[in-house]
Number of protein chains: 2
Amino acid sequence: MDDHTDQTRKPRADAVRNRERVLEAAKLVFSAGGSEASLEAVAKRAGVGIGTLYRHFPMREALFEAVYRREVEQLGELAEQLKNEKDPIEALRRWLHSGVAFVATKKGMMAALALAVQSGSELHAFSFERLTKAIGSLLDRAVAAGEMRADINPEDLLRAFFGMCYVHDQPGWQATALRLLDVFVDGLRVQPPGKAKARSSKMAKPATKRKR
Amino acid sequence: MDDHTDQTRKPRADAVRNRERVLEAAKLVFSAGGSEASLEAVAKRAGVGIGTLYRHFPMREALFEAVYRREVEQLGELAEQLKNEKDPIEALRRWLHSGVAFVATKKGMMAALALAVQSGSELHAFSFERLTKAIGSLLDRAVAAGEMRADINPEDLLRAFFGMCYVHDQPGWQATALRLLDVFVDGLRVQPPGKAKARSSKMAKPATKRKR
DNA sequence: CGAAGATACGGAGGCACCCTCCGCTTAACA
DNA sequence: TGTTAAGCGGAGGGTGCCTCCGTATCTTCG
């Protein structure tokens with residue numbers, strides 16, 4: 001685990017720089033154009049040859065991975081901060097809500113990502129672990145405080161979160177996702193028999209417009 | 001709206017037959033290989049020329065649409081049947097659970113579908129309406145019976161359902177989805193202050209294994 | 001039934017993108 | 001500064017997407 005025991009050259013400066021450029025370009029291109037965007041477009045935007053792109057990211061999937069990895073990191077860090085929140089359930093809900101806002105800026109990324117994750121790659125392992133740990137800590141706190149049922153594990157919650165965020169097709173999807181998450185959190189809450197429906201007052205607005 | 005007022009020829013028999021063949025082939029191919037599968041493979045499997053495929057379904061998306069439309073129909077019909085169930089909430093839950101099983105057989109289809117729906121096509125309008133109506137009737141019954149909170153509309157519930165079904169990557173995803181849906185339904189339930197946590201006995205199994 | 005006309009079929013071909021491969025360039029190390 | 005390995009770029013072979021049009025087949029009408 002030393003730094004220079006097995007004669008490893010220092011990585012070339014231009015290689016590092018190019019890798020960074022490609023990542024940045026990919027983030028922009030995928031954000032805008034979705035997973036459809038051609039890798040050649042990414043290379044062009046990054047100002048590197050297509051060959052360079054492929055050396056750094058041998059498969060299309062690898063590029064998604066790298067781009068997405070950063071985003072996941074950010075979500076994880078957010079959870080860390082929220083652990084300072086007083087009310088544990090509120091902290092959890094805040095995280096979920098923030099997650100929605102975060103996802104909202106990703107647009108096309110999500111579709112690409114979904115496909116990438118589907119393939120059962122290592123990306124899945126990484127992000128799942130990172131986020132599970134994050135959400136798990138929030139969850140544990142709430143359970144320990146006796147405010148939340150203990151039969152749902154972090155993985156489940158994470159899945160539910162992603163699921164609800166996934167459906168973003170119409171303009172108002174964010175509000176919907178937030179509402180759905182609130183309901184879910186209500187379902188998780190341990191209701192003291194006495195004030196069973198008290199917390200519902202937190203959901204200020206009723207559903208938008210009861211169709212049909 | 002008559003049948004033969006504006007001189008419409010009867011559609012050619014071979015055209016109808018070929019369309020059917022392509023649909024069947026597409027269903028199989030997409031089910032197996034996911035959205036990656038080439039349309040030329042579909043054409044070959046259907047035993048028609050690539051040109052024929054493209055005339056019937058001008059865009060890749062159109063093919064997904066047509067295939068998916070049937071599946072949606074089936075889900076809708078299932079809801080009709082479940083309206084005869086006694087317990088309205090149980091009926092709703094049964095529908096959701098059946099939905100999971102249904103989705104489970106689709107495998108790769110879901111990814112393709114997600115992309116198609118994303119594009120805000122007419123498919124979305126159709127399936128959303130069909131399923132919303134189906135789920136809405138189940139929901140209304142439960143609300144009318146005073147067993148369910150009234151501030152969640154059918155659209156929301158549908159989104160939640162799809163969201164939870166979407167995350168299918170690992171072997172055990174079905175069990176997870178079912179559990180998540182149960183939690184969600186619990187969240188929807190109006191809890192009589194007296195027996196607040198009584199219904200939780202319905203969730204026989206605890207979460208599989210509380211990781212970390 | 002047979003001719004006429006509409007309609008559909010098939011697959012060649014143009015295009016875009018994927019990915020590989022290799023001669024040239026450039027940074028790291030001595 | 002010279003040596004050497006790592007990295008760069010983009011030409012090029014391959015595949016799949018989609019269009020276009022000459023040919024085949026079905027419907028209709030006399």
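The values are calculated or read from the model by the stated rules, or taken from the named source; none is laboratory data. Owing to the predicted nature of the structure, the values given are computational and were not obtained by experimental measurement. All Cβ positions, glycine included, derive from the backbone under ideal geometry; neighbour counts span all protein chains shown. Please note that ligands, DNA and RNA were not included when accessible areas were found on the heavy atoms of the full protein model with its side chains. Shrake-Rupley method; radii C 1.70, N 1.55, O 1.52, S 1.80 Å.
Table for the structure above
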read-out	value
Length released on extending from B:Arg55 to B:Asp140, taking residue separation times 0.36 nm less the Cα-Cα span	26.4 nm
Aspartates and glutamates whose Cα lies under 18 Å from that of A:Lys10, excluding same-chain neighbours fewer than 8 positions away	A:Asp2, A:Glu20
Potential lengthening between A:Ala175 and A:Glu85 on full extension [0.36 nm per residue; Cα-Cα distance subtracted]	30.1 nm
Average beta-carbon neighbours from other chains, 10 Å sphere, peptide B:149-162	6
Interface size B-A, as summed buried accessible area [1.4 Å probe, Å², nearest 100]	4800 Å²
Candidate aspartates and glutamates - alpha carbon under 13 Å from B:Lys133, same-chain residues fewer than 8 apart omitted	B:Glu73, B:Glu77, B:Glu80, B:Glu155, B:Asp156
Average partner coverage of B:131-144, which counts Cβ from other chains inside 10 Å	1
Where labels lie 7 Å past Cα in the beta-carbon direction, separation of A:Ser98 and B:Thr8 in nm	5.7 nm
Equivalent ellipsoid, region A:1-102 (semi-axes from 5 times Cα gyration tensor eigenvalues, Å)	33, 22, 9
In Å², nearest 10: area of B:His56 left accessible to a 1.4 Å probe	50 Å²
With every protein chain in place, region B:12-58: carbon and sulfur % of accessible area (1.4 Å)	53 percent
A:Glu40/B:Leu28 FRET efficiency (R0 45 Å; Cβ-Cβ; nearest 0.05)	0.85
Within 10 Å of each Cβ in B:176-188, the average number of Cβ atoms from other chains	5
Cα shape, region A:12-58, gyration tensor, a/c 1.5 rule	prolate
